[in-house]
1. For Glu94, indicate whether it is among the charged types (D, E, K, R), modelled with pLDDT of 70 or more and within 18 Å of the chain's Cα centre (by Cα).
2. So how many residues does the range 1-49 have that are within 20 Å of Phe183 (Cα to Cα), in a helix (DSSP H, G or I) and not aliphatic (A, V, I, L, M)?
3. The conditions are (1) within 13 Å of the chain's Cα centre (by Cα); (2) over 19 Å from Ile11 (Cβ atoms); (3) modelled with pLDDT of 85 or more, and Lys160 fails exactly one of them. Which is it?
4. Report, by residue number, each residue of the range 116-163 that is of a type in the set (Ser, Thr, Tyr) and in a helix (DSSP H, G or I).
5. If the requirement is being at pLDDT below 80, in a helix (DSSP H, G or I) and among the small types (Gly, Ala, Ser), which of these qualifies: Gly58, Gly67?
Amino acid sequence: MFDLNFFLTAILLGLGLSMDAFSVSLANGLNEPCIKNGKTTLIAGVFAFFQALMPLIGWFLVRSLVGYFNVLNAFIPYVALILLSFIGGKMLYEGIKSKPDEVVCKKGVNFVGIIVQGIATSIDALSTGFTITNYNFIMALVTVLIIAVITFVLCFFGVKMGKKFGTAFSNKASIFGGAILIFIGLQIFIKGVFA
């Protein structure tokens, strides 16, 4: 049941799924160079939660409501593009309108924004439920817990890295962070629509 291949697959899934969340975490750190450890932990925790929840929902849907899931699957790239473009556009706007000499400590994304980012970066992970449909519930649960741990660690360090660079580059970091979010939204959209 739990062999080396199982754990290797779960780790690779975790690494693959967490890359979008890591990039958004980096953008959050860039956008808020004075971010506190509590908020860094919150961002990493929310992203880890959604990266684990979405594949579990996908697993459930595939095992019980396959027809309905196929209909919803078509909307995933559009939802991710809209959410990430909105947040990224807001960051771009704020970065462009701020003056280079402004104080670098500014309030970043709020709790609702973090939730939206968590959903937007993990919504494409619903389809991961297809890859684990042959697992029983315990195996699926262990897989998503591994995904959550990997996502948490990568996102925590992503915010820290962004914070370090954001302190040095001030408003340019906000522009770069916003561009990253829009790029991720486009990437999810292109991969989902044209793949």
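1. Numbers: among the charged types (D, E, K, R): yes; modelled with pLDDT of 70 or more: yes; within 18 Å of the chain's Cα centre (by Cα): no.
So Glu94 fails the test.
2. Summing the residues that are within 20 Å of Phe183 (Cα to Cα), in a helix (DSSP H, G or I) and not aliphatic (A, V, I, L, M) in the range 1-49 gives 10.
3. Of everything listed in (1) within 13 Å of the chain's Cα centre (by Cα); (2) over 19 Å from Ile11 (Cβ atoms); (3) modelled with pLDDT of 85 or more, Lys160 misses just condition (1).
4. Of all residues in the range 116-163, those of a type in the set (Ser, Thr, Tyr) come to 121-122, 127-128, 131, 133, 135, 143, 151.
Answer for the range 116-163, where residues must be of a type in the set (Ser, Thr, Tyr) and in a helix (DSSP H, G or I): Thr121, Ser122, Ser127, Thr128, Thr131, Thr143, Thr151.
5. Numbers: Gly58 fails: at pLDDT below 80.
On inspection, the qualifying residue turns out to be Gly67.
The values are calculated or read from the model by the stated rules, or taken from the named source; none is laboratory data. The structure presented is a predicted model; accordingly, all values stated were derived computationally and were not measured. So basically every Cβ, Gly included, is an ideal-geometry build from the backbone, and we count neighbours across all protein chains shown.
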